[in-house]
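The values are calculated or read from the model by the stated rules, or taken from the named source; none is laboratory data. Small disclaimer: the values here were computed from a predicted structure and weren't measured. With ideal geometry, Cβ positions are generated from the backbone for all residues, glycine too; neighbour counts draw on all protein chains shown. For the accessible areas, the whole protein counts, side chains as well, though only heavy atoms, and no ligand, DNA or RNA atoms are used. Shrake-Rupley method; radii C 1.70, N 1.55, O 1.52, S 1.80 Å.
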Amino acid sequence: VTGVQTCALPISAPVLGVGDTHGVNLSLFTERASAKDAVSLTGTFTFQRTQPAPAAAKNGGLTFAWNHGLNKQLTFITRTTFNKDSVQNINRRVTNLNGLGVMLVQTPHVTFSVVPGVGFTTTDYEITPTLAPLFATVKNNTLGYGVFDYFEYKIMPTLTFSQSFLHLRSFSTSSQYVSQLNLSLVGLISPKVGISINYANNYDSQMPEPYIKKSTSTLTSGLQFKF
């Protein structure tokens, strides 16, 4: 399966004293599967701004995942994600999780799997001289443990809700962790085209609030194409 998803949000709110809100979300994905193995590559880019304020979201990422089936219930999974987030001053972050996935529910309508495991995260922050004191105690790298879960519910043949969540916490510092949440609702217009609503949230416990937010969220809607 290969596809592209593109979303845009032009909104105006003059009553609130703000200008247009402009946003775009672009996602490209490809997946190839055999009897025991599935390999996928997903790229994303998100930008959102309400004028005259600066960008509320400006980030991109690339995720590589390999699933190797051991039996009907168990699979070995490795996921590696590369991210860049200008709003959170993240110049480069690599997050990896390797674990044994358990298929807890698998029916024609519901799929739910959980992958506990171990991994690492390494981050290069974009630190200016002004921000240097704020990042003085921020930890960049860690080995840790975490979990990834995926839930899909086919409400009807043409309407699907899906959710994924990744959490990685440091072995040495319990207060150091990162989390990624994604929610998606897709309604099919045809076998190849769908209308989607997506919510994404990224959390980094190391961000020095209130100067830089620990959590960033985006809500986008648009079209999904499969080819």
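Taking the stated definitions as given, is PRO108 assigned to a loop (DSSP other than H, G, I, E, B), at pLDDT below 95, closer than 28 Å to VAL193 by Cα and open to solvent by 70 Å² or more (accessible area, probe 1.4 Å)? In short, yes. Close contacts from region 135-152, counting a first residue that is open to solvent by 80 Å² or more (accessible area, probe 1.4 Å) and a second that is of a type in the set (A, V, I, L, M, F, W, C) and not in a strand (DSSP E or B), with Cβ to Cβ under 9 Å and a gap of 6+ residues or different chains, come to LEU143/PHE171; TYR145/PHE171.
Being open to solvent by 70 Å² or more (accessible area, probe 1.4 Å) and either among the acidic types (Asp, Glu) or over 16 Å from SER40 (Cα atoms) (or both) is the filter here; which residues of region 74-105 pass it? Those that are open to solvent by 70 Å² or more (accessible area, probe 1.4 Å) and either among the acidic types (Asp, Glu) or over 16 Å from SER40 (Cα atoms) (or both): LYS84, ARG92, LEU100, LEU104. Meeting the requirement of 2 or more residues that are at pLDDT 90 or above and over 21 Å from PHE47 (Cα atoms), the strands (runs of 3 or more DSSP E) wholly within region 116-227 are 141-156, 159-170, 177-188. Listed by position, the strands (runs of 3 or more DSSP E) contained in region 1-73 that have at least 1 residues being open to solvent by 50 Å² or more (accessible area, probe 1.4 Å) and at pLDDT 70 or above are 20-33, 37-50, 55-69.
Of all residues in region 194-219 being in contact with a strand residue (DSSP E or B) (Cβ under 6 Å, 6 or more places away or on another chain) and aromatic (Phe, Trp, Tyr), which is surrounded by the fewest Cβ atoms within 10 Å (Cβ to Cβ)? Within region 194-219, the match that is surrounded by the fewest Cβ atoms within 10 Å (Cβ to Cβ) is TYR199. Looking only at residues in region 113-130 that are among the β-branched types (Val, Ile, Thr) and touching a strand residue (DSSP E or B) at 6+ places or on another chain (Cβ under 7 Å), the one that is surrounded by the most Cβ atoms within 10 Å (Cβ to Cβ) is THR121.
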